[in-house]
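Inspection log for the structure reproduced underneath, given as structure tokens.
The values are calculated or read from the model by the stated rules, or taken from the named source; none is laboratory data. Only a predicted model underlies this, so the values are computations on that prediction, with no experimental measurement involved. So basically every Cβ, Gly included, is an ideal-geometry build from the backbone, and we count neighbours across all protein chains shown.
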Amino acid sequence: MDIGDFVKLELENTTYSGTVMPSLSEDTVVIKMKSGYNVGLDKKKIKNIEILESGDKPKYGLPPLNLEKNPKLKNISILSTGGTVASRVDYKTGAVHPAFTADDLIRAVPELMDVANIKGKVILNILSENMLPKYWAMTAEAIKEEIENGAEGIVIAHGTDTMHYTASALSFMVNSEVPIILVGAQRSSDRPSSDAALNIISAVKAATEPIKGVYVLMHGETGDTVCHLHEGTKVRKLHSSRRDAFKSVNETPIAEINPFTKKVTYLRDVKSQDKSKIKEIVLNTNLEEKVALIKVYPGIDSEILKFYVDKGYKGIILEGTGLGHTPETFFEGIDYANENNVLVAMTTQTINGRVNMNVYSNGRELQAKGVIPCEDMLSEVAFVKLMHLLGNYEFKEAKELMSKNIAGEINESINLEC
């Protein structure tokens, strides 16, 4: 048997059928089953092999599509940082390949031709968990280049695990009249339940809308009826595997998009773009990377906070309990941070709701020690915001701006205690 062959493998008590995939080990056979999942089998345990269908070898270097631009459609640039959403399946081998060029994207999702004129470009090819602050700045620079070259909307293909961090960072870094839509996929393109194609179709549609700002687009429910457009500083991944893992927190989504009809239904007011300034973009990519995010837990020791201070960290975000509390065992560490001009700010680990450090004596004492309440900001957003503030402002001004709304990160109009 060879890569691409469809085979039946008999073990002692089980039979597997699927397409033979490349394997990193000479002792293992990897096959892709019809469910889309891969399984690795020890060659020594295989009792019998039956080749049901010989597979053609994968073909590369496909000829260009030579597509002409449609003057009635907007020009959208899709920038890939990695992840599974911008990928195509080689149906001969079952392998998934990155879809970096416009031709690749259209071969993978031909429906895009009816939505916009597509340009594809790779800026990174990394796993989402390997995203670094310097890559946020690199992404912002790539956005600027595409807009100055005529892009009327930007879609960023991104792995889902850290996508909400990148969306927050770009919200603070980029000031533009062009919509910037981050999109990912919870299920890869080789799985029958993949959400990749519908997400990217809806993201490109959102990028053609006359709005501005940074957004995240993902499935709005577990089926395929609707995708949701979320504000970049108000969204979080709330499930490890569901297709509707991303939810707006302390806010409603901006809009819902039907991926089949391409109908966009706005659910609240949006920031409208000024078309006369469509090519204007201002970046501020300065970040203070010596910022930490610490989850508070019962009995947490002040030595943890002292460790970060001694390591030269300039800011600490605490993910406190309830309305924004820490145990008294942590007070000494907070005093130590203050003595060393380290900015300490408080969020809540409850996800929904807002910090209110005026209700209980613990919260009031923390404020007296200089801890800044972060209102209804998500911990991840507060973390990125503090990096931005300390990278651009003096300590005193950064402290004042921490609790002020800059990029939609604070919901000032709703009483979230109800």
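Things to note:
- Residue within region 263-272 that is in a loop (DSSP other than H, G, I, E, B), basic (Lys, Arg), modelled with pLDDT of 95 or more and farther than 25 Å from Met377 by Cβ present: yes
- Scanning region 3-32 for residues being farther than 13 Å from Leu52 by Cβ and of a type outside the set (Gly, Ala, Ser) gives a total of 14.
- Filtered by the rule that a residue be surrounded by 15 or more Cβ atoms within 10 Å (Cβ to Cβ), under 27 Å from Gln186 (Cβ atoms) and at pLDDT 85 or above, region 7-29 gives Tyr16, Gly18, Thr19, Val20.
- Count of region 375-403 residues which are closer than 22 Å to Met163 by Cβ and more than 22 Å from the chain's Cα centre (by Cα): 1
- Residue in region 151-184 that is nearest to Val282 (Cα to Cα), counting only those that are in a loop (DSSP other than H, G, I, E, B) and modelled with pLDDT under 95: His158
- Residue within region 360-369 that is of a type in the set (A, V, I, L, M, F, W, C), within 20 Å of Ala407 (Cβ to Cβ) and not assigned by TED's automatic domain parsing to the domain that holds Asn250 present: no
- Meets criteria (out of contact with any Cys (no Cβ under 7 Å at 6 or more places or on another chain), surrounded by 24 or more Cβ atoms within 10 Å (Cβ to Cβ), outside any strand (DSSP E or B) and hydrophobic (A, V, I, L, M, F, W, C)) for Ile147: no
- Test: Glu280 is in contact with a strand residue (DSSP E or B) (Cβ under 8 Å, 6 or more places away or on another chain) and surrounded by 12 or more Cβ atoms within 10 Å (Cβ to Cβ): yes
- Among the residues of region 364-403, those identified as under 15 Å from Thr347 (Cβ atoms) and in a loop (DSSP other than H, G, I, E, B) are Val371, Cys374, Glu375, Asp376, Met377, Leu378, Met402, Ser403.
- Which numbered condition Thr285 fails, given (1) crowded, with 17+ Cβ neighbours inside 10 Å; (2) among the polar types (S, T, N, Q); (3) at pLDDT below 95: (3)
- Filtered residues of region 334-376 (kept if of a type in the set (A, V, I, L, M), under 25 Å from Gly408 (Cβ atoms) and exposed (fewer than 14 other Cβ atoms within 10 Å of the Cβ)): Ile351
- Applying a threshold of 6 Å to beta carbon distances and a minimum spacing of six or more residues, or different chains, the list of pairs starting in region 313-329 at a residue that is part of a loop (DSSP other than H, G, I, E, B) and ending at one that is polar (S, T, N, Q) reads Leu323/Asn356; Gly324/Thr348.
- Qualifying residue in region 282-301 (condition: over 27 Å from Leu132 (Cβ atoms) and outside any loop (DSSP other than H, G, I, E, B)): no
- Boolean, Gly120 is at pLDDT below 95, surrounded by fewer than 24 Cβ atoms within 10 Å (Cβ to Cβ) and assigned to a loop (DSSP other than H, G, I, E, B): no
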